[in-house]
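First up is the structure itself, then whatever we jot down about it.
The values are calculated or read from the model by the stated rules, or taken from the named source; none is laboratory data. Quantities reported herein were computed from a predicted structural model and do not represent experimental measurements. Methodologically, a virtual Cβ is constructed for each residue, glycine included, from the backbone with ideal geometry; neighbour enumeration extends over all protein chains shown.
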Amino acid sequence: MFTSDVFSIVLALLGTVGVIVLTYYGSRWYVEHFIKRPGSLSGGQHIQVIERLIVGKSGSIIIVDIQGVQYLIGVTEQNIRILSQLDEPISFQKKQEISKESFLSMVKSFSQKEKQNE
């Protein structure tokens, strides 16, 4: 009787872990096949958001590149308005990965500044 209780608990645990693993891989598959496609919810090939600045509870200013032409756009809950077209395009800068060397150089520069302040 005791072994059947242990067996049912282990079986329930394995079933729960199986459902969690299937949910994980199913959501990864969904993101790869539907969300990351050009023109889907994540953005398109021709429109890219370069930068966004939140200026209030429900407002933000966005710089958008549409086929090489950049616009400054104001966005609120009630309204989206083109504020201006930028004369000089802002270059695309992907989020930079901090390498170990650059991180170490930042730490060294901060420590040198602290030593100079003492």
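Quick rundown of the values:
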item: Every pair of residues 6+ apart whose Cβ atoms lie under 8 Å, when the first sits in the stretch 62-91 and is without any contact (Cβ under 8 Å) to a residue 40 or more places away in the chain while the second is among the polar types (S, T, N, Q) and in a loop (DSSP other than H, G, I, E, B); result: THR76/SER58; GLU77/SER58
item: Residue check, ILE50 touching a strand residue (DSSP E or B) at 6+ places or on another chain (Cβ under 6 Å), modelled with pLDDT under 90 and outside any loop (DSSP other than H, G, I, E, B); result: yes
